[in-house]
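Structure below; questions to follow.
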Amino acid sequence: MLKRISVLVLAGLTAMTVASCGSGGSGGGSGDGAITMGFSQVGAESGWRTANTKSVQDSAKNAGITLKFSDAQQKQENQIKAIRSFIQQKVDVIAFSPVVESGWDTVLKEAKDAKIPVILTDRAVDSKDTTLYKTFLGSDFVEEGRKAGKWLVEEFTSSTDPVNIVELQGTTGSAPANDRKAGFAEIIGADPKFKIIASQTGDFTRAKGKEVMEAFLKSNPDIDVLYAHNDDMGLGAIEAIEGAGKVPGKDIKIITVDAVKDGMQALADGKINYIVECSPLLGPQLMDLAKKVVKNEQVPARVVTEESTFTQEQAKQVLSTRQY
Ligand code: AHR
């Protein structure tokens, strides 16, 4: 399925200012037009991440960009080390998916001083100084949380009883965990019957999702809904729910985010009730943006990935054509 992508150009003048300040393009590359990109990936915590890594690696190859790839194993200190190493190696452009939102100003300033442009991909940073990076390519995580909340409100529209929700959050301090929580809370907060009775991080992994769901089930006998910030945690939680003798998708309704193959299979099988899509296929756009920023061309300050949602019926229809 072709991914529909939209480019959101924030106020034209702002975008132009951000794009044209900072580095003069190359950080000292070969000067022959060849581009070397240093890419610091979060880790390999989920099916989404695996698909994202493949998209970046394949797209670099297709675009003729030399990729220096570093896996941070979900640790910010590793990402900072990798970025410093890319600066030392004088790559032409640095791209990274920040594991958490805070704590990047110093290293981003070092890249800027070295005149190496930086592209944020997938996740945002909370730096006040937006000239520290050229652009941010990725999903609108708040909107993803809102979509999850809207489905829930619709699903329980005729119920007057309290709806007990447990939430499996993504990595603490990460943009998707913060924003998916906020977007969901914004929508369900309008009706007091929706109660989040437990909320804890599952670190975006299947193993942690299972472990935390087991604990939720032990201390909360009346769970109506699970909202998991990604498919992998939802899939781990399904194992915990089945282990507790309950039927996922029926006794406990489940909403997740991502729409990776395993998640979509569980949705088609009736074990998940609704999935909000988050596309990992960011590689082609990332390479286009990299070519532009290296040439010091203008790029939008924000590029938002356009995404969809899936019900169980829709999952059955599209499952065989999913790319990841
Ligand atoms: O940043 C995107 C999130 O990171 C995905 O939703 C999750 O699966 C991944 O680990």
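The values are calculated or read from the model by the stated rules, or taken from the named source; none is laboratory data. Being a predicted model, the structure only gives us computed values, none of them experimental. Every residue, glycine among them, receives a Cβ derived from its backbone with ideal geometry; neighbour counts consider all protein chains shown. Just the protein is used for accessible areas: all its heavy atoms, side chains included, with ligands, DNA and RNA removed. Shrake-Rupley method; radii C 1.70, N 1.55, O 1.52, S 1.80 Å.
When region 60-72 is examined, which residues are found to be under 15 Å from Val294 (Cβ atoms) and either buried (at least 17 other Cβ atoms within 10 Å of the Cβ) or not charged (D, E, K, R) (or both)?
If the condition is that a residue be under 15 Å from Val294 (Cβ atoms) and either buried (at least 17 other Cβ atoms within 10 Å of the Cβ) or not charged (D, E, K, R) (or both), then Ala60, Ala63, Gly64, Ile65, Thr66, Leu67 are the ones that fit.
Look at Gln298 and say whether it is out of contact with any strand residue (DSSP E or B) (no Cβ under 8 Å at 6 or more places or on another chain) and either closer than 25 Å to Glu155 by Cβ or part of a strand (DSSP E or B) (or both).
Judged against the criteria, Gln298 is not a match.
Within region 251-284, which residues are open to solvent by 10 Å² or more (accessible area, probe 1.4 Å) and not aliphatic (A, V, I, L, M)?
Asp251, Lys253, Lys261, Asp262, Gln265, Asp269, Gly270, Lys271, Asn273, Tyr274, Pro284
Across region 180-212, what is the number of residues that are closer than 17 Å to Lys246 by Cβ, hydrophobic (A, V, I, L, M, F, W, C) and in contact with a Leu (Cβ under 7 Å, 6 or more places away or on another chain)?
Looking only at that region, the number is 1.
Another one. Assess whether Leu120 counts as being in the same structural domain as Gln285 (by TED's automatic domain parsing), farther than 30 Å from Gly263 by Cα and touching a residue at least 24 places away in the same chain (Cβ under 8 Å).
no
I'd like to verify a number: residues in region 145-183 that are surrounded by 23 or more Cβ atoms within 10 Å (Cβ to Cβ), of a type outside the set (Gly, Ala, Ser) and either at pLDDT below 95 or in contact with an Asp or Glu (Cβ under 6 Å, 6 or more places away or on another chain) (or both), how many?
Residues flagged as surrounded by 23 or more Cβ atoms within 10 Å (Cβ to Cβ), of a type outside the set (Gly, Ala, Ser) and either at pLDDT below 95 or in contact with an Asp or Glu (Cβ under 6 Å, 6 or more places away or on another chain) (or both) within region 145-183 amount to 2.
When region 130-181 is examined, which residues are found to be polar (S, T, N, Q), within 16 Å of the ligand (Cβ to nearest atom) and within 23 Å of Gln285 (Cβ to Cβ)?
Correct list: Ser139, Ser174.
Same structure, new question: Given the condition over 28 Å from Arg49 (Cα atoms) and either in the same structural domain as Ile252 (by TED's automatic domain parsing) or not hydrophobic (A, V, I, L, M, F, W, C) (or both), answer yes or no: does some residue in region 181-189 qualify?
yes
Output yes when any residue across region 188-196 is part of a helix (DSSP H, G or I) and within 28 Å of Val125 (Cα to Cα), and no when none is.
Yes.
A further question follows. Pick from region 109-129 the residues that are within 18 Å of Asn78 (Cβ to Cβ), buried (at least 23 other Cβ atoms within 10 Å of the Cβ) and more than 16 Å from the ligand (Cβ to nearest atom): which of them is farthest from the chain's Cα centre (by Cα)?
Ala111
So, restricting to helices (runs of 4 or more DSSP H) that lie completely within region 206-283, which ones have at least 2 residues that are within 20 Å of Gln317 (Cα to Cα), away from the ligand (no atom under 11 Å from the Cβ) and in contact with a Phe, Trp or Tyr (Cβ under 9 Å, 6 or more places away or on another chain)?
261-268
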